[in-house]
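Asker: Please read through the structure below; I'll follow up with questions.
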Amino acid sequence: MDGFRPSLGGTTWGEICSQPVTWDRAVAQAGEELGGFPLPGERVLIMGCGTSFYVAGAWARLRESAGEGLTDAVIASEYQPTGRTYDRIVAISRSGTSVDVVDALDRRSAGAPLTAVLGVTDTPVGHRADHIIDLGYADETSVVQTRFPTTLLTLVRARLGEQGLDGLISQGAEVIARGIVEPMPRQLVVLGTGFASELAQEAALKCRESAGLWAEAYATGEYRHGPISVCGEGTLVWGLTPLPGSVVDAVSAAGGRVRQPSFDPLAELVSLQLHAVAWADSVGRDADVPQHLSRSVMII
């Protein structure tokens with residue numbers, strides 16, 4: 001590390017730094033028997049809330065890009081059964097207790113088997129599942145999710161046959177060693193293409209949750225279609241995938257600054273997680289105790 005360690009948010013910081021270890025375990029898990037993992041050719045619906053919804057969207061993009069079949073992602077609180085049929089439903093929930101996920105599962109159409117991806121298995125979501133993918137080793141004490149979602153996406157990428165994930169793990173370690181390189185901006189915009197457009201949403205969410213930062217996220221091509229209108233001095237545009245010259249020039253002309261990626265989008269997300277905790281610390285916010293949030297949205 002660059003010597004920096006936050007005075008606040010130490011638990012979240014430690015969980016962020018553990019990700020190369022959990023990613024390595026996810027790659028190993030991908031080679032094991034995983035009952036309920038979507039099979040090639042299945043029509044799949046993946047649901048979740050907050051971070052889990054962004055992971056669902058990234059998984060859907062990765063699965064379709066790999067040619068494994070139609071994959072939809074939906075916010076659990078918005079789910080309503082329709083005439084569209086699926087061969088499998090997947091619910092992502094770190095806690096297994098989210099009331100919106102439980103309600104969505106109770107509304108789902110009969111027939112399609114349910115796979116639950118969980119950090120805690122003996123839970124309401126787990127009790128409703130036909131199959132469970134257990135990510136308990138990536139569960140977190142923190143309210144703000146960091147290693148659970150990235151570990152799941154590493155598992156997905158390995159299971160879909162992506163090669164070279166040892167390099168991804170090394171990049172994660174390098175990002176952690178590099179530490180904090182950007183001061184807190186007035187406004188953060190995170191951009192990405194493909195599955196990284198979903199990771200951009202997750203990165204911006206970390207910065208809102210932890211630091212209370214004005215943070216937005218878009219698919220790269222969408223940024224010049226309106227959102228750039230609020231770009232100005234103090235705006236940092238962080239690309240999870242390489243930003244084209246047209247975007248770089250437009251940001252510079254508006255008075256903002258661009259950070260091009262040096263790593264895989266998942267490793268870039270780790271860097272943004274670290275910055276979120278550090279930026280929170282710099283303004284006296286504790287990323288371990290994010291304002292107005294709890295580990296799971298439950299019925300009170």
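Asker: If I model a spin label at S282 and A173 as a point 7 Å from the Cα along the Cα→Cβ vector, what separation in nanometres do I get?
Answerer: So the two model labels end up 2.9 nm from each other.
Asker: Another question, then. Starting from the Kirkwood Rh over alpha-carbon pairs, what translational D in µm² s⁻¹ does region 162-300 have by Stokes-Einstein at 37 °C and 0.692 mPa s?
Answerer: Taking Rh from Cα pairs, D becomes 211 µm²/s.
Asker: How big is region 166-208 in terms of Cα radius of gyration and Dmax, in angstroms?
Answerer: Expressed in Å, the Cα Rg and Dmax of region 166-208 come to 12.3, 36.
Asker: Just grab the label-to-label distance for V289 and E182, each label 7 Å out from Cα along the Cβ direction, in nm (one decimal).
Answerer: Distance between label points: 2.8 nm.
Asker: For region 194-237, taking Cα atoms only, what is the radius of gyration to one decimal and the Dmax to the nearest whole Å?
Answerer: 10.8, 29
Asker: Applying a 10 Å radius around every beta-carbon, put 11-18, 78-85, 33-40 in order of their mean neighbour count, most first.
Answerer: Final packing ranking: 11-18, 33-40, 78-85.
Asker: The chain: D in µm²/s via Stokes-Einstein (Kirkwood Rh, Cα pairs, 10 °C, 1.306 mPa s)?
Answerer: Approximately 81 µm²/s, per Stokes-Einstein.
Asker: Moving to a separate point now. Top to bottom by accessible area (1.4 Å), largest first, where do Y223, Y54 land? Walk me through the numbers on the way to the answer.
Answerer: Numbers: Y223 0, Y54 45 Å².
Result, largest first: Y54, Y223.
Asker: Which value in Å does the Kirkwood hydrodynamic radius of region 5-94 take, with 1/r averaged over all unlike C-alpha pairs and then inverted?
Answerer: Across region 5-94, the inverse of the average 1/r is 15.1 Å.
Asker: Could you order the peptides 230-240, 107-117 from most to least packed, using the average number of other C-beta atoms within 10 Å per residue? Working shown, then result.
Answerer: Numbers: 230-240: 20.3, 107-117: 16.9.
Answer by packing, highest mean first, reads 230-240, 107-117.
Asker: In Å³ and rounded to a whole number, note down the convex hull volume per residue for the Cα atoms of region 54-156. Kindly include the intermediate steps, with their values, before the conclusion.
Answerer: Details: hull volume 10.3 nm³, N = 103.
Dividing the Cα hull volume of region 54-156 by its residue count gives 100 Å³.
Asker: Once you have the Cα-Cα distance between A254 and R128, take 0.36 nm times their residue separation minus that, and quote the gain in nm to one decimal.
Answerer: Between A254 and R128, full extension yields 40.3 nm more.
Asker: Right, next: Please work out the Cα center distance from region 33-79 to region 230-244, rounded to the nearest Å.
Answerer: 29 Å
Asker: Span-like helices, the chain: DSSP H, alpha-carbon axial extent 24 Å or more, mean Kyte-Doolittle -1.0 or greater, which ones?
Answerer: 265-282
Asker: Further question: Please identify which residues in region 78-92 have an amide N closer than 16 Å to a label point set 7 Å out from the Cα of R107, following the Cα→Cβ vector.
Answerer: Residues passing the 16 Å test: 78-84, 90-92.
The values are calculated or read from the model by the stated rules, or taken from the named source; none is laboratory data. All of these numbers come straight from a predicted model, not from anything done at the bench. All Cβ positions, glycine included, derive from the backbone under ideal geometry; neighbour counts span all protein chains shown. Side chains included, ligands, DNA and RNA excluded: accessible areas come from the protein's heavy atoms. Shrake-Rupley method; radii C 1.70, N 1.55, O 1.52, S 1.80 Å.
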